[in-house]
Amino acid sequence: MKLRDNDFSAAPTVLEIRDLVVGIAGRAGLPPVLKGVSFDIRRGETVCLVGESGSGKSVTSLSTMGLLPKDALAVISGQIRLNGQDLLALSPGQMKQRRAKDLAMIFQEPMTALNPVMKVGAQITEVLDLHTSLGAAEKRARVIDIMKQVHLPDVERIFESYPHQLSGGQRQRIMIAMALILEPSLLIADEPTTALDVTTQKQILSLIAELQARHGTAVLFITHDMGVVAEIADRVCVMRHGEILETGTIRQVLEQPRHDYAQALLSAVPSLVPRVSRPDAVAAPVLVAKGLGKTYRSGSLLGRKSEVRASYDVGFDLKPGRTLGIVGESGSGKTTVARSIMRLIEPTEGQILLDGDDIAHLSSSQMKPRRRKLQVVFQDPYRSLNPRWTIAQSLTEGPLNYGVPYAEAIAEAKRLLGVISLPEDALRRYPHQFSGGQRQRIAIARAVMLRPDVLVADEAVSALDVSVQAQVLDLLDELQRQTGIAIVFITHDLRVAAQICDDVLVMQRGAVVEQGPAGRVLHDPQHEYTRALIAAAPGRFWDFAARKPLVA
């Protein structure tokens, strides 16, 4: 696949934003959130607005939609023109009439945008109720047609379904149907694929492109994933701290970025280039899984019983200083394996050998002395750090529970703060006083306070900005070099797996379908499912740090 190379200079301008300044409502003395943002989008064109958290991407989209939170943010100056009309001059009632009809938005999380107690067919129909005078039969026909256009299966059944009865990809297709049923001239997509598996993500991106070509829609696509940008963008606007630092075609931005920040951002983007192969450790494996499986059973004594095999026949061995990546889509069994290894759940079959001892079926009291050898880092550090505890309390809790003197524990905490690049006074602060990336580094420091033999990282970087993600991956690599710790790295992102893993294990529907050295699995996959995952990985054809295509 190649970068898009379309010329839209002759197409009419759909969206024109000029010198847009947004500030905090009622706080004139504070610096603005958006500082003179300007860009255009033409008919049929896709412009990607990229940048890290806090750059102003979503504020720009909400300003365009007229959905800035009241009494929190306000447009101070500038113009937002849609097909020549200044949207900022419209009343709230007039703006409401323009939404869905002339401009529409797809949000990141459809479950927060869909009414959970209303059938999805009725929710799409509601758009027609508000903006058309069609009869009931004609409205239903229009809704069924748009549901078919977004490639939903069994549309009559889904029409009568509630959001919780659909998969994440199906819910996102419902959002797209709602947004496009009136064929607006502008579609704003705010991180619409961030929470989706790579194969579902590819389907959604292809669907947006297909509908765009059919209806000539202008698309403003907001994302922090440069892989997605490489797949879909015609032009790119790079944002930071409320300003657009660079604008250009996708080829110009990826091949010859002019601004230092754009260059640094691209250098941090992982590519599907496996890390340099490291020599295999001569030591004995520290963690071994043999025939590991977990089956969930339900049903009463007299009622019908059911079984779900979440994982089965999983086997691997992990040596000190090595990283094993377990990859696959949602429902593949990755997290079940991770939780089984950690003995957060008890496996129903197989063995887990930790330094030669089988821990698969030990009781909680028997596991306690072994837990210091086995630590975990979860996806969301804010949920795993106690919000009422200082960082010092969080870091020293584990060692103190195992009888380590406080002076020794706090000294180790101070040392690790230096390793994770945080000042010593961070010990006195609370989790909410840190950024997401800083909290994840603190969570990693807490996990290695006990100097474990094995660290399990379950989607530990999936929610982070690309530069913060690179910092956390570098931190794990540095800790591994210093301590020889073995890492089990759970991820759905093959590009991240390529950066950190020595070996890769691919799971599908609870089973291991392929495993081996990362270079072999990612460059010469043997199983069709692995090949499908790689084919769906966004930006798989581009080496972002080298700013050139990958050699096939």
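Nothing in this text is a laboratory measurement; each read-out follows from the coordinates by a stated rule. All of these numbers come straight from a predicted model, not from anything done at the bench. Please note: Cβ atoms are built from the backbone with ideal geometry, for glycine as well, and neighbour counts cover all protein chains shown.
In this rough spin-label picture, where each label sits 7 Å from Cα along the Cβ direction, the D355-A10 distance is 7.3 nm. Which FRET efficiency value, to the nearest 0.05, do you get for D380 and A89 by plugging their Cβ-Cβ distance into 1/(1 + (r/R0)^6) with R0 = 45 Å? Given R0 = 45 Å and the Cβ-Cβ separation, E is 0.60.
Here E109 and S206 are evaluated by their C-beta separation; at R0 = 30 Å the FRET efficiency comes out at 0.90.
V466 sits among other residues whose Cβ lies under 12 Å from its own Cβ, and their net charge, with Lys and Arg +1 and Asp and Glu -1, is -3.
Between helix 136-149 and the chain, what is the angle of the helix's C-alpha long axis to the longest principal axis, kept within 0 to 90° and rounded to the nearest 10? Approximately 50 degrees, to the nearest 10. The C-alpha atoms of the chain define a longest principal axis, and helix 391-401 lies at about 30 degrees to it. Do you know the relative contact order of the stretch 105-183, to the nearest whole percent, from alpha carbon pairs under 8 angstrom that are 6+ apart? Reported as a whole number, the value is 47 percent.
Is the chain best put as rounded, prolate or oblate by its Cα gyration tensor, with a ≥ b ≥ c the root eigenvalues, rounded for a/c under 1.5, and otherwise prolate when a/b is larger than b/c, oblate when not? Because a/c hits 1.5 or more and a/b exceeds b/c, the chain counts as prolate. Spin-label model, W389 to L130: label points 7 Å out along the Cα-to-beta-carbon direction sit 4.5 nm apart. A Förster distance of 56 Å, applied to the separation of the beta-carbon atoms of R520 and E183, puts the FRET efficiency at 0.70.
Calculated [222 nm] ellipticity per residue, helices only, for the chain: -10000 deg cm²/dmol; basis is -39500 (n - 2.57) per DSSP H run with n ≥ 4, divided by all residues, nearest 500. Mind checking the angle between helix 198-215 and the chain's longest principal axis? C-alpha axes, 0 to 90 degrees, to the nearest 10. Rounded to the nearest ten degrees, it is 10.
In this simple spin-label approximation, L550 and S363 carry label points 7 Å from Cα along the Cα→Cβ vector, and these lie 5.0 nm apart. Summary of the geometry: the stretch 456-535 and the stretch 317-369, compared by the centres of their Cα atoms, lie 17 Å apart. Sparsely packed loop sites in the stretch 200-275 (the trypsin sites (Lys or Arg not before Pro) outside DSSP H, G, I, E and B with at most 14 other Cβ atoms within 10 Å) comprise R258.
For the chain, the relative contact order works out to 16 percent when only alpha carbon pairs closer than 8 Å and six or more residues apart are counted. Contact order for the stretch 399-527, expressed relative to its length and based on alpha carbon pairs under 8 Å spaced 6+ residues apart, stands at 17 percent.
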